[in-house]
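The values are calculated or read from the model by the stated rules, or taken from the named source; none is laboratory data. The structure displayed is predicted, hence computed values, not measured ones. Positions of Cβ are generated from backbone atoms using ideal geometry, with glycine treated the same way; all protein chains shown enter the neighbour counts. Keep in mind that these areas ignore ligands, DNA and RNA; they rest on the heavy atoms of the full protein, side chains included. Shrake-Rupley method; radii C 1.70, N 1.55, O 1.52, S 1.80 Å.
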Amino acid sequence: MAERQFTGKHALAVFVAAFAVIISVNLLLAYSAVKTFPGLEVKNSYVASQEFNERLQEQQALGWDVKAEAKGGLLILRITDAQGAPVKVAELQAVVGRATHVRDDFTPDFTFDGIAYATPATLGAGNWNIRLVAKDHDGSEFSQRIPLYVKG
């Protein structure tokens, strides 16, 4: 039986094939990242950065804490003040969606029951983000991204 030798052509073929796989995977991941990117967060990042500290101080002065849960076909937000009492906000806007794409994004219509805000929502298992903007009765704005993990 004749032994086959590993020649320079074989080494070149293995080298080219390995790099072809690496480059193909990188291109596929780059395409996927660009395709699922929802866009800009702010129109002008410089202006947003100049206003950041003022908005942060205003938000911290409110002393609010937000907790979210998905239970029984409902999405529930509990907004509490520094003493732990429920907060009834003047205005509440939210966008709920996956962290990786905007395909499942929706804008819920929350109602306040005296303790928490709730809305009907069927969330699939996995990681979700709630991008919340709430306003106090004096116009102070509270903005936060609340991560929510839904068990399958």
Just name the residue that is most open to solvent (accessible area, probe 1.4 Å) out of those in the stretch 86-103 that are closer than 15 Å to Lys67 by Cβ and not β-branched (Val, Ile, Thr). Pro86
Considering only the stretch 131-152, I want to know if a residue exists there that is at pLDDT below 90, closer than 30 Å to Tyr31 by Cβ and out of contact with any Leu (no Cβ under 9 Å at 6 or more places or on another chain). yes
Selection count, the stretch 54-69, where residues are in contact (Cβ under 8 Å) with a residue 60 or more places away in the chain and open to solvent by less than 50 Å² (accessible area, probe 1.4 Å): 5
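Residue check: is Arg78 free of Cβ contacts under 8 Å to residues at least 60 places away in the same chain, open to solvent by 40 Å² or more (accessible area, probe 1.4 Å), under 17 Å from Ile146 (Cβ atoms) and not in a helix (DSSP H, G or I)?
Here the answer is yes, as Arg78 does meet what is asked.
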So, Val14, is that one open to solvent by 70 Å² or more (accessible area, probe 1.4 Å) and modelled with pLDDT of 95 or more or not? yes
Selection status of Val34, open to solvent by less than 100 Å² (accessible area, probe 1.4 Å) and farther than 21 Å from Ser143 by Cα: no
So which residues in the stretch 37-53 are open to solvent by less than 70 Å² (accessible area, probe 1.4 Å) and in a helix (DSSP H, G or I), if there are any at all? Val47, Ala48, Ser49
Within the set of pairs 6 or more residues apart or between chains, which connect a residue that is at negative phi inside the stretch 116-132 to a residue that is open to solvent by 30 Å² or more (accessible area, probe 1.4 Å) and among the β-branched types (Val, Ile, Thr) with Cβ atoms less than 9 Å apart? Tyr117/Thr111; Ala118/Thr111; Thr119/Thr111; Asn127/Thr100; Asn129/Val95; Ile130/Val95; Arg131/Val95; Leu132/Val95
Inside the stretch 114-151, the number of residues satisfying the requirement of being surrounded by fewer than 13 Cβ atoms within 10 Å (Cβ to Cβ) and more than 27 Å from Gln60 (Cβ to Cβ) is 5
